[in-house]
Amino acid sequence: MKDPIELVRKNILALAPYSTARDEYTGPIGVYLDANENPYDNGYNRYPDPYQKELKARISEIKGVPVKNIFIGNGSDEAIDLVYRVFCDPRIDNAVSIAPTYGMYKVAAATNDVEFREVQLRGDYSLDVDGLLGAVDKNTKVMFLCSPNNPTGNVFPVSDVERLLAGFDGIVVIDEAYVDFSEEEGWLYRLARYPNLVVLQTLSKAWGMAGLRLGLAFAREDIIALFTRVKYPYNINGVTQRIVLEQLNKDIAGQVEELNGQRRKVVEKLSENPLIRGIYPTDANFVLVKVDDPKGVYDELIRGGVIVRDRSRIKGCEGTLRITIGTPEENVKMLAILDRMAAEK
């Protein structure tokens, strides 16, 4: 397996990061006359910590990962973009991913002018490991996997992912945005075993902080150092850092347990509805269902004040809707509309 640093763009290795006077001196400071800030304290007049030291320390406690292996981004999308910016030369290198999956991998590739190769999941949404490895060439730098996958909801077997980690010399990114809802163990504890592994997580889903836009990347220390070198200096604002620290003191186990319980109830009720032609296994806080008339069902739900995601136009998801698990009351309302539609059919 190649050393991941061999994969890094030469200009990134040579990049001198933006630095401040506060990077150069770490002793006690009482008067700040270095950054042209407004000196009158209103709670927001100083620049935030560009390294999010306090926040990383708390995340390290929760996740059991050393601070040196943690990157904090403005949503997971920033980390996805940085993977391309650090490892992929525009118009030369390429990335490989599965389809269907989270759309930002493809969007970020296009933004960075990097070829994006999609390998279709099998009919049961399992990985085509041979197909993924077969799509790789000498210019493939990155492979993206989302597990549990969006929009299919399934977790990919450890043995399949390990084959990809061992058989591909590039960076393997495993996006675990929905891992908190899964009964399967994630990949954080395997970081030391695979030097080419980058794990993404988020505080937007189970932690309930979508409005704060904070994503996490975990990798070996030198990869995290490269992300930190390339990112914008103050990518996480001070207000977000303070609020997230407060929210991380809350126990989300009860909400996750309730959402997983609601997921089971919703799946059970959907299975009794003749409108639903298929329900795919899920380890996320959503379920993908197959219907005969996805647009008709979608439109009727909209008329009832409920919005879901129509995935039927995506190759491999024809005839499907993705339904997020809401509160008990929201789920009852959604199910009642579907029951009424079935009774009127």
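Every read-out reported here was derived from the displayed coordinates using simple, explicitly stated rules and does not represent laboratory data. Predicted model, so just to flag it, every value in this text is computed and none were measured. When we count neighbours, we look across all protein chains shown, and the Cβ atoms used for this are built from the backbone with ideal geometry, even at glycine.
Neighbours of Lys138, meaning other residues whose beta-carbon lies under 14 angstrom from its beta-carbon, give a summed charge of -3 when Lys and Arg score +1 and Asp and Glu score -1. Projected onto planes of every orientation and averaged, the convex hull of the alpha-carbon atoms in the range 253-344 covers 5.6 nm². Applying the Karplus relation 6.51 cos²θ - 1.76 cosθ + 1.60 with θ = phi - 60° to the range 164-177 yields 3J(HN,Hα) values of 5, 4, 7, x, 10, 7, x, 7, 9, 9, 10, 8, 10, 4 Hz, where x marks Gly and Pro. Of the peptides 250-263, 131-144, the ranking by mean beta-carbon count within 10 Å, highest at the top, reads 131-144, 250-263.
Between Ser159, Ser60, Ser97, the residue with the greatest mean-square fluctuation in the GNM of the chain (Cα pairs under 10 Å linked by springs) is Ser159. Cα axis of helix 328-344 to longest principal axis of the chain: angle in degrees, 0 to 90, nearest 10? Between the helix axis and the principal axis of the chain, the angle is about 30 degrees. Going by alpha carbons, how many degrees (0 to 90, nearest 10) lie between the helix axis of 294-303 and the longest principal axis of the chain? Helix 294-303 and the main axis of the chain meet at about 80 degrees. Projection of the Cα convex hull of the chain, averaged over all directions and equal to a quarter of that hull's surface, yields 19.6 nm².
Under 5 Å between amide hydrogens, built in the peptide plane, is the criterion, and for Thr140 it picks out Asn94 among residues at least 5 positions away or on other chains.
Counting neighbouring Cβ atoms within 10 Å and putting the fewest first, the residues Val107, Val155, Val31 line up as Val31, Val107, Val155. Here the Gaussian network model covers the chain, with springs between Cα atoms less than 10 Å apart; of Gly186, Gly103, Gly30, Gly30 fluctuates the most. Judged by the mean number of other Cβ atoms found within 10 Å, the most tightly packed of the peptides 46-55, 64-73 leads the ranking 64-73, 46-55. Couplings 3J(HN,Hα) of the range 153-160, computed from phi: x, 8, 8, 8, x, 4, 4, 5 Hz, in residue order, whole Hz [Karplus 6.51 cos²θ - 1.76 cosθ + 1.60, θ = phi - 60°; x for Gly and Pro]. Summing +1 for each Lys or Arg and -1 for each Asp or Glu among the other residues whose beta-carbon sits under 10 angstrom from that of Val107 gives -1. For the pair Val31 and Leu13, the difference between a 0.36 nm per residue extended length and the Cα-Cα distance amounts to 3.0 nm.
Is there a pair in Lys63/Lys106; Lys63/Lys290; Lys63/Lys269; Lys56/Lys333 whose C-alpha atoms are over 32 Å apart, and which pairs would that be?
Too far apart for the 32 Å limit: Lys63/Lys290; Lys63/Lys269; Lys56/Lys333.
In terms of the Cα gyration tensor, with a ≥ b ≥ c the square roots of its eigenvalues, is the range 138-263 rounded because a/c is under 1.5, prolate because a/b exceeds b/c, or oblate? Verdict is oblate for the range 138-263.
For the range 178-183, backbone phi angles converted through the Karplus equation (6.51, -1.76, 1.60; θ = phi - 60°) give residue-by-residue couplings of 10, 5, 5, 8, 9, 7 Hz, Gly and Pro being listed as x. Each peptide among 241-247, 11-17, 225-231 gets the average number of other Cβ atoms lying within 10 Å of its residues, and from highest to lowest they stand as 225-231, 241-247, 11-17.
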